[in-house]
Amino acid sequence: MIRKISIIFILSSIAFAQSCKPDPDMDVKAEAPLAFNVPQGWPTPSYNYSNNPVNKAGFELGRKLFYDTKLSKDNTISCGSCHQQFSGFAQIDHPVSHGINDLVGNRNSPPLFNLNWHTSFMWDGGINHIENQPIAPIQNPIEMDETMANVVTKLQADATYRSMFKAAFGDETVNSQRIAKAFVQFMGMIVSSNAKYDKYKRGEAGGAFTQQELDGYNVYKQNCATCHAEPLFTDFSFRNNGLPPTSVNDSGRAHITLSAADLYKFKMPSLRNLKYTWPYMHDGRFNTIDQVLNHYASGIMQSPTLDTKLSGGIALTDQQKEDLKAFLNTLNDEEFVKNTMFQEVK
Amino acid sequence: MVSFRKFGVMRKLLIISIALVLLLACTKKPDPVSEPKSEDKGFMLMFDNYVNSDKLIYDKYYLNENKDSFKVSAFKYYISNISLKSDDGHNYIEEESYHLIDNGKDSSKIISLKGVKAGSYIQVQFLIGVDSARNVSGAQTGALDPNNAMFWDWNTGYIMAKIEGYSPQASKYPNNLALHIAGFKHPNSVLRWVTLSLPTVKYAENQKVTVHIKTNLAEWFRTPNLIKFSDLSIVASEGKEAQKIADNYADMFSIDHID
């Protein structure tokens, strides 16, 4: 379906480009058609732009919003402050990130990629739709501490934004819905699908696995694949993976569902791009993959909501650990973290 | 070839320009005197907020059923999915039926129903709150804009109804009332259907009919769950307390009169 839409979009763009010799001002629309593509072999995404057609102007507006500190109360913090591209749009070396006035919260800034496949957002899954995601950090008093109403006012007062809203949506009206839709035109387009693993699966050049990577792939399939399911390396479920609660006593998913059965459950993170996105876990407590593997081997805390698959832990031999790490390394997508399309335009 | 194509484009542009000129000429602003204003005709619902028999006025003190004294600084609620039932079975269903009634904003209290056909109407039905579909459909606008301060950004969903105010009996410092009633999913849904019988309303399309609906805020604290502000003055999450209030306010509406 998506591919069909993109094909129609591309074809119609070509038709448009050929139907007349446009003057240079008209050229903007015809050049570089932007389309959301589902990588080969991937499932149907949850968000497909059916109510928010992707276009270059919308993408550029979303990118500008993403990197604009104006979206915070004191104009110091942007989305990009805690979601940095070189870190897979997470924040490297920060168990928790610094918000406005250097306030800190309880949870690790999650990486941003392949978001159109997500069925919920945040570690507790409290947000049920990608278009509703950006407003949460903007209005959170310890993150950007701004109101969406003020954001609308600030952007309306800015001639550059007014013209960008016109280019993206047809007129200069700025409202929270358009802001949300522009955000998703950028955030949803951030797809990471060119790691060595992907090339291996597609049989492309550069995708030949070494014996150790193949062995690691098997270790993954036997021990990790149920929850960190291919090809997104998460099943988007909420699970308690046996981390002992800290003094924060973050109840996780139960904060949203108010159900004791969901205590200490968190949304399953992807195993893609681990090289760039450390530290790990919902509170960023582990800096290395070795620490994570040791947790699964011997650190699991038994509790009523512990995932049943983890009740006995996951004990791996040293060799299996090394092999698994070699495989996980094939999930790091260098093209994605260096893709200039996603960079701030200065 | 190129020049021929250019000629084609030019001709098209010319035709479009002529059409535009004609169109602009035709859409001259109607004379405000001869054209009746839309408010002068149509089928309207008018919500009048009360505390028992007194009109709700902000910052005036009232008593709840438990004789706790309180005043109100904000009273807002969503009305959605409005329909009318006629005596011959042809029903009216409002499209894009989402309205935020805000006691502080008089214009929000009148709902003009578009496209109601002539007939005898015997019942009005609506939902208190925003249906679950619009709670899971991403960014909305108009009455559903999150900037109306009726939206939870951390746990996606609309606050279906809200009272803010003050009561000396409220136990939590600084004695504020903040009842934010939200939840659209089972078992925490606070959505409640309201069905009100009308004394038969004969409506012709060029006529004006206003159904005045009385909203009694006192019902929030009365039945079936007696609310004492010393026990319950803040509701800021889904759950049992929100359910209690929703069960209470489900019958806060009544037909007052029709004119």
Efficiency by 1/(1 + (r/R0)^6): what FRET value for B:Ser171 and B:Ile57, r their Cβ-Cβ distance, R0 = 25 Å, to the nearest 0.05? 0.45
So how far, in whole Å, is the C-alpha centre of the range B:224-247 from the one of the range B:64-97? 19
Just counting partner chain Cβ atoms within 10 Å, what average do the residues of peptide A:169-178 show around their Cβ? 3
222 nm mean residue ellipticity, helices alone, for chain A (DSSP H n ≥ 4; -39,500 (n - 2.57); rounded to 500): -10000 deg cm²/dmol
Within 10 Å of each Cβ of B:143-151, how many other protein chain Cβ atoms are there on average? 4
Along the charge dipole of the range A:196-334, which of A:Asn241, A:Gly216, A:Leu258 sits closest to the positive end, that is, farthest toward it, with unit charges on the beta carbon of Lys, Arg, Asp and Glu (+1, +1, -1, -1)? A:Leu258
Where N is the number of residues in chain A, Cα Rg divided by 2.2 N^0.38 Å: 1.06
Cα gyration tensor shape of the range A:140-269, rounded if a/c is under 1.5, else prolate or oblate by comparing a/b with b/c: oblate
Please report, to two decimal places, log10 I(q)/I(0) for the protein assembly as shown at q = 0.10, 0.11, 0.12 Å⁻¹ as given by the Debye formula with identical point scatterers on the Cα atoms and no solvent. -1.05, -1.19, -1.30
Label-zone membership for the range A:214-245, site A:Asn294, 7 angstrom Cα→C-beta point, backbone N under 18 Å: A:242-245
On average, how many beta carbons from a partner chain sit within 10 Å of the beta carbon of a residue in A:125-133? 6
Taking loop as defined by DSSP and a crowding limit of 15 other beta carbons within 10 Å, which trypsin sites (Lys or Arg not before Pro) in the range B:121-225 fit? B:Lys172, B:Lys185
Can you tell me how the range A:196-334 classifies by the Cα gyration tensor, rounded, prolate or oblate, using a/c under 1.5 as the rounded cut? prolate
Kindly put A:Arg239, A:Arg202, A:Arg253 in sequence by how many other C-beta atoms sit within 10 Å of each C-beta, fewest to most. A:Arg202, A:Arg239, A:Arg253
Among A:Thr153, A:Thr340, A:Thr76, which comes first, second and so on when ranked by fewest other beta-carbon atoms within 10 Å? A:Thr340, A:Thr153, A:Thr76
Anisotropy class of the range A:301-345 from Cα gyration tensor, a/c 1.5 cut: oblate
To make sure I understand, if each residue's beta carbon is the centre and we count other beta carbons within 10 Å, what order do B:Glu219, A:Glu131, A:Glu335 fall in, fewest to most? A:Glu335, B:Glu219, A:Glu131
Report the calculated FRET efficiency for A:Val248 and A:Thr226 (r = Cβ-Cβ distance, R0 = 45 Å), to the nearest 0.05. 0.95
Distance cut-off 18 Å, Cα to Cα: go down the list B:Lys76/B:Lys228; B:Lys172/B:Lys228; A:Lys275/A:Lys325 and report the pairs above it. B:Lys76/B:Lys228
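The numbers here are math on the coordinates, done by the rules we state, and not lab data. Predicted, not measured: the structure shown is a model, and the values here were computed from it. Positions of Cβ are generated from backbone atoms using ideal geometry, with glycine treated the same way; all protein chains shown enter the neighbour counts.
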